[in-house]
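I have placed the structure first, in the form of structure tokens, so that the comments after it can refer back to it.
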Amino acid sequence: MSNRTTPRRRRAALTAGVVALAAALGGVAMSTTASAAGSTLGDAAAESGRYFGTAIAGYKLSDSVYETIANREFSMITAENEMKIDATEPQQGQFSFSAGDQIADWAAQNGKQVRGHTLAWHSQQPSWMQNMEGSALRQAMLDHVTQVATHYRGQIYAWDVVNEAFADGGTGARRDSNLQRTGDDWIEAAFRAARAADPGAKLCYNDYNIDNWSWAKTQAAYDMVADFKARGVPIDCVGLQSHFNSGSPYPANYRTTLESFAALGVDVQITELDIEGSGQQQADTYRQVVEDCLAVSRCNGITVWGVRDSDSWRSSGTPLLFDGNGNKKEAYYATLDALNGGSTPDPTDEPTGDPTGDPTTPPASGDCTAELTVVNSWNGGFQGEVTVTAGDPLSGWTTSFTLPGATISQLWNGSYTSSGGTETVSNLSWNGNLGSGQSTTYGFVANGTAPGSTTVTCA
């Protein structure tokens with residue numbers, strides 16, 4: 001899926017080394033850059049023979065904070081958009097792999113594996129494919145699957161061969177798409193083509209809203225997988241995207257869903273996890289999802305759909321494990337603790353405000369300091385960020401400042417009041433506890449003129 005926004009191959013010796021490492025570890029490669037077993041998401045997952053991954057965008061790898069977190073924490077990488085149909089075959093028969101190769105090369109250089117996403121999908125088709133139908137479209141789809149899977153042969157741990165083929169709602173019907181109109185067997189045909197092109201990759205069916213076992217869409221996907229297994233159609237895994245929010249919350253029968261698909265003889269992978277919310281509630285849901293996966297032997301990996309909240313396709317819902325400044329959230333510690341079976345050290349033992357791992361210098365004096373940065377401005381408004389840094393350990397903080405000629409219209413990651421020209425922002429439940437030298441950030445949008453400089457007091 002499912003971001004809704006719109007070097008050539010690795011050297012053979014390097015590819016062989018990664019494949020050998022994967023085989024030695026039962027198909028799950030551990031990060032070679034982690035500092036200690038269980039101290040990162042990828043290493044903690046590897047302790048139980050699983051992977052923990054993230055989706056990345058190639059253009060963001062130049063962001064040092066983003067790249068550092070991705071490299072340090074995750075053992076599996078999914079290309080957010082770079083291996084989709086419109087990216088890899090922008091003109092019929094003319095393939096472009098440079099963007100996808102950037103992701104694959106970065107993963108190989110850093111000792112990680114790659115999930116391929118995605119070979120056949122009704123969305124993000126290039127215009128030439130959107131305008132095709134019938135037998136011509138069927139052949140074009142098969143050619144695309146064959147060419148892309150062949151190009152990455154031996155480099156991909158698992159392919160999302162077909163993505164989102166079932167309709168939402170209570171009917172359990174197939175989605176009406178140009179691919180579906182080529183005939184009901186189009187999914188089977190795509191899987192057979194993928195197996196022929198890359199026999200070593202796991203082949204997955206991937207979809208959203210198949211998390212709740214009682215839903216018709218879940219049952220329809222289950223019936224298809226059962227049919228494929230009975231008839232010998234090559235399918236190795238099912239991907240549950242698991243985008244959870246108030247409209248599609250984590251279901252109490254989630255573990256039943258994982259167990260039921262696994263009982264068909266396929267692996268189950270959580271492929272695009274994000275959970276909108278904040279604080280303890282979000283942390284508890286992440287913990288529950290991880291514990292559900294760990295309870296099912298064939299649930300062999302989890303991928304979150306993005307690195308930081310600001311990188312998410314649903315950034316306003318702050319659904320990921322790191323905030324926009326790269327700080328570890330409560331949800332991160334809950335996830336790591338669950339992966340470690342409840343034995344993670346207290347999070348106050350390490351700073352979260354410095355994702356590069358370099359020591360953060362505490363303020364010279366006082367309980368905390370705060371600094372306002374204008375990160376963007378336009379005619380009539382601007383966006384600001386305030387970084388709060390603890391001197392002594394804090395169990396809560398409050399900042400105050402003035403914005404002459406401007407008024408705040410939206411604020412996130414803080415509790416906000418305005419009185420007599422003074423803007424006062426306090427912590428929320430999840431970002432008030434800071435160890436010595438730790439930092440957290442909140443942001444806001446204001447109408448008016450951006451200040452040249454502003455003093456922010458912190459207590």
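Inside the stretch 195-212, residues that are more than 30 Å from G154 (Cα to Cα) and open to solvent by 60 Å² or more (accessible area, probe 1.4 Å) make up a count of 0.
Is it true that some residue in the stretch 138-153 is open to solvent by 20 Å² or more (accessible area, probe 1.4 Å), more than 17 Å from A193 (Cβ to Cβ) and touching a helix residue (DSSP H, G or I) at 6+ places or on another chain (Cβ under 9 Å)? Checking the stretch 138-153: not a single residue is open to solvent by 20 Å² or more (accessible area, probe 1.4 Å), more than 17 Å from A193 (Cβ to Cβ) and touching a helix residue (DSSP H, G or I) at 6+ places or on another chain (Cβ under 9 Å). When W159 is tested against (1) under 17 Å from F97 (Cα atoms); (2) of a type in the set (A, V, I, L, M, F, W, C); (3) part of a helix (DSSP H, G or I), only condition (3) is not met.
Restricted to the stretch 162-177, and to residues there that are more than 18 Å from I103 (Cβ to Cβ) and either assigned to a helix (DSSP H, G or I) or not small (G, A, S) (or both), the residue that is farthest from the chain's Cα centre (by Cα) is T171.
The values are calculated or read from the model by the stated rules, or taken from the named source; none is laboratory data. Quick caveat, the model's predicted, so the values are computed rather than measured. We place every Cβ from the backbone using ideal geometry, glycine too, and count neighbours over all the protein chains shown. Heads up: the accessible areas ignore ligands, DNA and RNA and are worked out on the full protein's heavy atoms, side chains in. Shrake-Rupley method; radii C 1.70, N 1.55, O 1.52, S 1.80 Å.
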